[in-house]
Amino acid sequence: MDVNNRPVVVQCWDDGVATDVRLIDIFRRHGAKASFNLNAGLHDRHRRLGWIYEGTEVSRLGWDEMKEVYQGFTIANHSLSHPRLELMERAAARREIAEGRDRLQQFFGQAVSGFVYPFGSCNEDIMQLVRESGHVYARTTTNVSHPFPPQDAMLFHPCCHFLAPDLWSRYEMAKQCGVFYFWGHSYEMITDSMWSTFDETIERISADPDSCWGEVADLFENETSTMLARDKRNAGA
């Protein structure tokens, strides 16, 4: 949290796509922090076409470029292959969650404390598997006015999607509780106008003297310290 007790703005972006390169350029220019939620089982060595969104090709980044692209940013787990976890057998769901985290930690060389539910959905069993796999928090896609502190860190609800028409009113409202949390996919910006508007959004937040950028994991400082100690013990076992 900010030493001057200013409201903290946190953001995260899903799926590890090529347009994250353009997104990160905006963040670097304005000094914004962010976490990126990746599916370790869906990336090839090189960049490849993933799907079509609104008539535009969406490519997943390749392993050969991701360390450079995400240098200086936080990585979170979005499962191995983005399935609906609550519809899977428990053992298969556990593998999706635990192996996804393990692969990301090994590749990026950083602790992965966050999880993002594919499609934003989960149940009590999946929440428990996420917790048991070493994650500190897990994000949903359910919007709330006051996201922090959550009643359960495995149900960490954001304030809104980055394209929400009422983003600024939610921003001002969330500042009252100390945290504004938004999320999205960079591929959703399909025109230069959308990119320009988003650039202005990040610039405006960065220039606001009454708030500051933060890391999601830092909101759960005590839990993150416990996670790091546990991972260290497990590595030495």
Name the single residue, out of those in the stretch 137-154 being within 17 Å of Gln11 (Cβ to Cβ) and among the hydrophobic types (A, V, I, L, M, F, W, C), that is surrounded by the most Cβ atoms within 10 Å (Cβ to Cβ). Ala138
Give me the pairs, please: first residue somewhere in the stretch 182-206 and over 19 Å from Val116 (Cβ atoms), second residue anywhere and in a strand (DSSP E or B), beta-carbon distance under 6 Å, and either six or more positions apart or on two chains. Ile190/Thr56; Ile205/Val9
Scan of the stretch 56-78 for residues that are outside any helix (DSSP H, G or I), out of contact with any strand residue (DSSP E or B) (no Cβ under 8 Å at 6 or more places or on another chain) and free of Cβ contacts under 8 Å to residues at least 60 places away in the same chain, ordered by number: Gln71, Gly72
Give just the number: which of (1) in a loop (DSSP other than H, G, I, E, B); (2) more than 26 Å from Cys159 (Cα to Cα) does Leu104 not satisfy? (1)
Scanning for something surrounded by 15 or more Cβ atoms within 10 Å (Cβ to Cβ) and part of a strand (DSSP E or B), does the stretch 201-214 turn up at least one residue? yes
Scanning the stretch 116-148 residue by residue, those under 18 Å from Gly214 (Cα atoms), in contact (Cβ under 8 Å) with a residue 60 or more places away in the chain and not β-branched (Val, Ile, Thr) turn out to be Tyr137, Arg139, Phe148
Scanning the stretch 159-175 residue by residue, the ones that are part of a loop (DSSP other than H, G, I, E, B) and in contact (Cβ under 8 Å) with a residue 40 or more places away in the chain total 1
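Bear in mind that the values in this text are calculations on the coordinates, not laboratory data. None of these values were measured; they are calculated from a predicted model. Cβ atoms come from the backbone with ideal geometry, glycine included; neighbour counts cover every protein chain shown.
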